[in-house]
Amino acid sequence: MIPVSASYEDEWRARFGETTGVPQDAPEVAWLRELLRRRTHRRYADRPVAEPLLRLLLAAAFSASSKSDFQQATVIRVNERDRRDRLAALVPDKVFPLAGLCVGYPAAEGHISMRLPLDVTLHTDRYDDSRLDDAVTAYDLRRDARYSLPREQQRQPEVFGYASFYGWSEDKARQATRPEGQDFPSYLRARGFTID
Ligand SMILES: Cc1cc2nc3c(=O)[nH]c(=O)nc-3n(C[C@H](O)[C@H](O)[C@H](O)COP(=O)(O)O)c2cc1C
(Lines give C-alpha, C1' and ligand atoms only; values in the text may rest on other atoms or scores of the structure.)
Protein backbone atom coordinates (compact mmCIF):
# COMPACT_ATOMS: atom_id res chain seq x y z
CA MET A 1 0.00 0.00 0.00
CA ILE A 2 1.23 3.51 -0.81
CA PRO A 3 1.85 5.44 2.43
CA VAL A 4 -0.04 8.73 2.67
CA SER A 5 1.02 12.03 4.27
CA ALA A 6 4.31 12.44 2.50
CA SER A 7 5.70 15.96 2.28
CA TYR A 8 7.11 17.18 -1.01
CA GLU A 9 8.15 20.51 0.45
CA ASP A 10 11.85 20.24 -0.39
CA GLU A 11 11.20 19.18 -3.98
CA TRP A 12 8.49 21.82 -4.38
CA ARG A 13 10.82 24.57 -3.16
CA ALA A 14 13.56 23.33 -5.47
CA ARG A 15 11.19 23.46 -8.45
CA PHE A 16 9.22 26.64 -7.68
CA GLY A 17 11.44 28.60 -5.28
CA GLU A 18 8.61 28.73 -2.71
CA THR A 19 6.16 26.38 -1.07
CA THR A 20 2.79 28.09 -1.59
CA GLY A 21 0.14 25.46 -2.16
CA VAL A 22 2.42 22.49 -1.58
CA PRO A 23 0.11 19.49 -1.22
CA GLN A 24 -0.19 18.01 2.23
CA ASP A 25 -1.00 14.41 3.01
CA ALA A 26 -0.15 13.27 -0.48
CA PRO A 27 0.82 9.70 -1.28
CA GLU A 28 4.52 8.87 -1.19
CA VAL A 29 5.62 8.26 -4.78
CA ALA A 30 9.39 8.22 -5.24
CA TRP A 31 9.05 8.68 -8.99
CA LEU A 32 7.22 11.99 -8.47
CA ARG A 33 10.08 13.20 -6.30
CA GLU A 34 12.45 12.34 -9.13
CA LEU A 35 10.29 14.25 -11.61
CA LEU A 36 10.14 17.33 -9.41
CA ARG A 37 13.93 17.34 -9.17
CA ARG A 38 14.69 16.46 -12.79
CA ARG A 39 16.91 18.72 -14.83
CA THR A 40 18.41 18.90 -18.28
CA HIS A 41 22.04 17.81 -18.51
CA ARG A 42 24.24 18.96 -21.33
CA ARG A 43 27.64 17.58 -20.30
CA TYR A 44 28.41 13.96 -19.61
CA ALA A 45 31.12 12.04 -17.82
CA ASP A 46 33.46 9.86 -19.85
CA ARG A 47 31.82 6.70 -18.57
CA PRO A 48 29.94 4.30 -20.82
CA VAL A 49 26.42 3.17 -20.04
CA ALA A 50 26.38 -0.58 -19.54
CA GLU A 51 24.46 -2.50 -22.21
CA PRO A 52 21.85 -4.04 -19.84
CA LEU A 53 21.05 -0.61 -18.40
CA LEU A 54 20.79 0.89 -21.87
CA ARG A 55 18.37 -1.81 -22.96
CA LEU A 56 16.33 -1.25 -19.82
CA LEU A 57 16.18 2.50 -20.52
CA LEU A 58 15.10 1.90 -24.11
CA ALA A 59 12.47 -0.60 -23.02
CA ALA A 60 11.10 2.05 -20.66
CA ALA A 61 11.21 4.67 -23.44
CA PHE A 62 9.32 2.38 -25.85
CA SER A 63 6.68 1.99 -23.17
CA ALA A 64 5.47 5.52 -23.99
CA SER A 65 2.08 5.88 -25.63
CA SER A 66 1.89 5.73 -29.42
CA LYS A 67 -0.74 7.31 -31.70
CA SER A 68 -3.33 4.66 -32.66
CA ASP A 69 -0.84 2.03 -31.51
CA PHE A 70 1.10 2.50 -34.77
CA GLN A 71 4.37 2.25 -32.79
CA GLN A 72 6.01 4.71 -35.17
CA ALA A 73 9.20 5.36 -33.22
CA THR A 74 12.54 3.75 -33.93
CA VAL A 75 15.89 4.53 -32.40
CA ILE A 76 19.18 4.44 -34.26
CA ARG A 77 22.08 3.98 -31.91
CA VAL A 78 25.19 5.61 -33.21
CA ASN A 79 28.37 4.93 -31.31
CA GLU A 80 31.07 6.27 -33.63
CA ARG A 81 31.50 9.97 -34.17
CA ASP A 82 32.41 9.53 -37.88
CA ARG A 83 29.33 7.49 -38.55
CA ARG A 84 27.20 10.09 -36.78
CA ASP A 85 28.48 12.82 -39.09
CA ARG A 86 27.98 10.69 -42.21
CA LEU A 87 24.46 9.81 -41.13
CA ALA A 88 23.60 13.46 -40.52
CA ALA A 89 24.70 14.29 -44.06
CA LEU A 90 22.43 11.61 -45.61
CA VAL A 91 18.86 12.32 -44.48
CA PRO A 92 17.14 10.59 -47.45
CA ASP A 93 13.83 11.58 -49.05
CA LYS A 94 10.73 11.32 -46.88
CA VAL A 95 12.87 11.19 -43.76
CA PHE A 96 13.56 13.92 -41.27
CA PRO A 97 15.23 13.64 -37.90
CA LEU A 98 12.81 14.24 -35.08
CA ALA A 99 15.10 14.34 -32.10
CA GLY A 100 18.66 13.61 -31.14
CA LEU A 101 19.16 12.20 -27.69
CA CYS A 102 22.26 11.27 -25.77
CA VAL A 103 22.53 8.85 -22.90
CA GLY A 104 25.18 9.06 -20.24
CA TYR A 105 26.12 9.96 -16.72
CA PRO A 106 26.02 13.69 -15.91
CA ALA A 107 29.42 15.37 -15.59
CA ALA A 108 28.07 17.58 -12.82
CA GLU A 109 25.06 17.75 -10.56
CA GLY A 110 23.48 20.52 -12.64
CA HIS A 111 20.78 22.79 -11.35
CA ILE A 112 17.02 22.65 -11.14
CA SER A 113 15.42 25.23 -13.41
CA MET A 114 12.72 27.09 -11.48
CA ARG A 115 9.24 26.89 -12.98
CA LEU A 116 6.36 29.36 -13.05
CA PRO A 117 3.99 28.72 -10.16
CA LEU A 118 0.77 26.77 -10.67
CA ASP A 119 -1.05 30.10 -10.11
CA VAL A 120 0.14 30.96 -13.60
CA THR A 121 0.06 27.61 -15.34
CA LEU A 122 -3.02 25.95 -13.85
CA HIS A 123 -6.51 27.25 -14.66
CA THR A 124 -9.81 25.75 -13.72
CA ASP A 125 -12.68 25.80 -16.21
CA ARG A 126 -11.53 29.06 -17.80
CA TYR A 127 -8.28 30.80 -18.55
CA ASP A 128 -7.70 33.66 -16.12
CA ASP A 129 -4.77 36.00 -16.63
CA SER A 130 -6.02 38.77 -14.34
CA ARG A 131 -3.09 38.36 -11.93
CA LEU A 132 -0.56 37.29 -14.49
CA ASP A 133 1.65 40.40 -14.42
CA ASP A 134 2.15 40.35 -10.65
CA ALA A 135 2.73 36.60 -10.59
CA VAL A 136 5.32 36.76 -13.37
CA THR A 137 7.09 39.71 -11.73
CA ALA A 138 7.27 37.80 -8.45
CA TYR A 139 8.59 34.77 -10.33
CA ASP A 140 11.23 36.88 -12.09
CA LEU A 141 12.46 38.15 -8.71
CA ARG A 142 12.40 34.71 -7.10
CA ARG A 143 14.29 33.17 -9.98
CA ASP A 144 16.80 35.99 -10.08
CA ALA A 145 17.45 35.60 -6.34
CA ARG A 146 18.52 32.02 -6.99
CA TYR A 147 20.42 32.66 -10.19
CA SER A 148 20.94 36.00 -11.92
CA LEU A 149 21.54 35.92 -15.63
CA PRO A 150 24.92 37.59 -16.18
CA ARG A 151 24.97 40.86 -18.12
CA GLU A 152 26.81 39.25 -21.03
CA GLN A 153 23.87 36.85 -21.52
CA GLN A 154 21.35 39.61 -22.13
CA ARG A 155 19.95 39.08 -25.60
CA GLN A 156 20.21 41.62 -28.38
CA PRO A 157 21.58 44.55 -26.35
CA GLU A 158 22.14 46.36 -29.66
CA VAL A 159 18.35 46.45 -30.07
CA PHE A 160 17.05 46.58 -26.49
CA GLY A 161 20.02 47.95 -24.55
CA TYR A 162 21.15 46.53 -21.21
CA ALA A 163 18.44 46.12 -18.61
CA SER A 164 19.33 46.93 -14.99
CA PHE A 165 17.11 44.03 -13.95
CA TYR A 166 17.10 41.22 -16.50
CA GLY A 167 14.65 38.54 -15.44
CA TRP A 168 13.20 35.47 -17.11
CA SER A 169 10.28 37.32 -18.73
CA GLU A 170 12.55 39.96 -20.26
CA ASP A 171 14.80 37.21 -21.57
CA LYS A 172 11.88 35.26 -23.09
CA ALA A 173 10.30 38.42 -24.54
CA ARG A 174 13.56 39.25 -26.29
CA GLN A 175 14.01 35.67 -27.47
CA ALA A 176 10.50 35.63 -28.95
CA THR A 177 11.22 38.64 -31.17
CA ARG A 178 13.40 36.39 -33.33
CA PRO A 179 11.45 33.85 -35.41
CA GLU A 180 12.59 30.25 -35.20
CA GLY A 181 12.08 27.32 -37.56
CA GLN A 182 11.43 29.42 -40.66
CA ASP A 183 13.61 27.18 -42.79
CA PHE A 184 11.81 24.01 -41.78
CA PRO A 185 9.04 24.00 -44.46
CA SER A 186 11.59 24.41 -47.27
CA TYR A 187 13.78 21.74 -45.66
CA LEU A 188 10.82 19.32 -45.69
CA ARG A 189 9.86 20.14 -49.30
CA ALA A 190 13.45 19.54 -50.41
CA ARG A 191 13.13 16.02 -48.99
CA GLY A 192 9.97 15.16 -50.87
CA PHE A 193 7.30 16.10 -48.35
CA THR A 194 4.21 17.98 -49.45
CA ILE A 195 2.67 19.97 -46.65
CA ASP A 196 -0.16 21.73 -48.48
C1 LIG B 1 11.24 20.64 -27.51
C2 LIG B 1 12.47 21.01 -26.71
C3 LIG B 1 13.59 21.45 -27.37
C4 LIG B 1 14.75 21.76 -26.65
N5 LIG B 1 15.87 22.16 -27.34
C6 LIG B 1 17.02 22.37 -26.68
C7 LIG B 1 18.22 22.69 -27.39
O8 LIG B 1 18.22 22.78 -28.62
N9 LIG B 1 19.35 22.89 -26.69
C10 LIG B 1 19.38 22.79 -25.33
O11 LIG B 1 20.46 22.98 -24.74
N12 LIG B 1 18.27 22.49 -24.60
C13 LIG B 1 17.09 22.28 -25.26
N14 LIG B 1 15.95 21.95 -24.55
C15 LIG B 1 15.98 21.92 -23.07
C16 LIG B 1 15.39 23.21 -22.49
O17 LIG B 1 16.28 24.28 -22.72
C18 LIG B 1 15.18 23.01 -20.97
O19 LIG B 1 14.19 22.02 -20.80
C20 LIG B 1 14.72 24.29 -20.29
O21 LIG B 1 15.76 25.25 -20.30
C22 LIG B 1 14.31 24.05 -18.83
O23 LIG B 1 15.36 23.43 -18.12
P24 LIG B 1 15.16 22.00 -17.41
O25 LIG B 1 14.82 20.99 -18.47
O26 LIG B 1 16.50 21.71 -16.76
O27 LIG B 1 14.07 22.14 -16.40
C28 LIG B 1 14.77 21.65 -25.24
C29 LIG B 1 13.62 21.20 -24.58
C30 LIG B 1 12.50 20.88 -25.31
C31 LIG B 1 11.26 20.39 -24.57
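The values are calculated or read from the model by the stated rules, or taken from the named source; none is laboratory data. Not measured: the values here are computed from a predicted model. Here Cβ is always computed from backbone atoms with ideal geometry, including for glycine, and neighbour counts include all displayed protein chains. Heavy atoms of the whole protein, side chains included, go into the accessibility calculation; ligands, DNA and RNA do not. Shrake-Rupley method; radii C 1.70, N 1.55, O 1.52, S 1.80 Å.
Couplings for the stretch 104-115, taken from phi via the Karplus curve 6.51 cos²θ - 1.76 cosθ + 1.60 with θ = phi - 60°, read x, 9, x, 6, 9, 5, x, 10, 7, 7, 5, 9 Hz in order; Gly and Pro are left as x. Solvent-accessible surface of protein heavy atoms, probed at 1.4 angstrom with all chains present, puts ILE112, ILE195, ILE76 in the order ILE76, ILE195, ILE112, largest first. The relative contact order of the chain comes to 22 percent, based on Cα pairs under 8 Å that sit 6 or more residues apart.
How many angstrom separate the Cα center of the stretch 94-114 from the Cα center of the stretch 21-38? For the stretch 94-114 versus the stretch 21-38, the Cα centre distance is 23 Å. In the chain, helices alone account for a calculated mean residue ellipticity at 222 nm of -10500 deg cm²/dmol, with every DSSP H run of four or more residues adding -39,500 (n - 2.57). Among the GluC sites (Glu not before Pro) in the stretch 126-196, those located in a DSSP loop and surrounded by at most 15 other Cβ atoms within 10 Å of their own Cβ are GLU180.
Applied to the stretch 148-154, the Karplus parametrisation 6.51 cos²θ - 1.76 cosθ + 1.60 on θ = phi - 60° returns per-residue 3J(HN,Hα) values of 8, 5, x, 3, 5, 8, 5 Hz, with x for Gly and Pro.
Counting only protein chain heavy atoms and rolling a 1.4 Å probe, the accessible areas of TYR162, TYR187, TYR139 rank, largest first, as TYR162, TYR187, TYR139. Close amide H partners of TYR44, meaning residues 5 or more places away or on another chain with modelled amide H under 5 Å apart, are ALA107. Amide H to amide H distances under 5 Å link ALA26 with SER5, ALA6, where only residues 5 or more positions off or on other chains count and H is placed in the peptide plane.
Using R0 = 30 Å, the C-beta based FRET efficiency linking GLU109 and LEU132 works out to 0.35. What helices in the chain pass both tests, a Cα length along the helix axis of 20 Å or more and a mean Kyte hydropathy of -1.0 or higher, using whole DSSP H runs? Taking the DSSP H segments of the chain (at least 20 Å long, mean hydropathy at least -1.0), we get 132-146. What shape does the stretch 61-196 have by the C-alpha gyration tensor, where a ≥ b ≥ c are the square roots of the eigenvalues, rounded means a/c under 1.5, and otherwise prolate means a/b greater than b/c and oblate the rest? It is prolate, given that a/c is not under 1.5 and a/b is the larger ratio. Going by the alpha-carbon gyration tensor, a ≥ b ≥ c the square roots of its eigenvalues, is the stretch 120-188 rounded (a/c under 1.5) or, if a/c is not under 1.5, prolate (a/b greater than b/c) versus oblate? Note, shape of the stretch 120-188 comes out oblate. Residue-wise HN-Hα couplings along the stretch 182-196, as the Karplus relation 6.51 cos²θ - 1.76 cosθ + 1.60 with θ = phi - 60° gives them from phi, are 5, 7, 5, x, 5, 4, 5, 4, 5, 9, x, 7, 10, 10, 8 Hz; Gly and Pro carry x. With labels modelled as points extended 7 Å from the Cα through the Cβ direction, what inter-label distance (nm, one decimal) is found for LEU53 paired with ARG178? About 3.6 nm, to one decimal. Summing charges over neighbours of ARG38, with a neighbour being any other residue whose Cβ is under 12 Å away from its Cβ, gives +3 when K and R count +1 and D and E count -1. Remark: spin-label model distance TYR44-SER164 equals 4.6 nm, labels positioned 7 Å along the Cα→Cβ axis. Taking label positions 7 Å along the Cα-Cβ direction at both TRP31 and ARG13, the computed distance is 2.8 nm, reported to one decimal.
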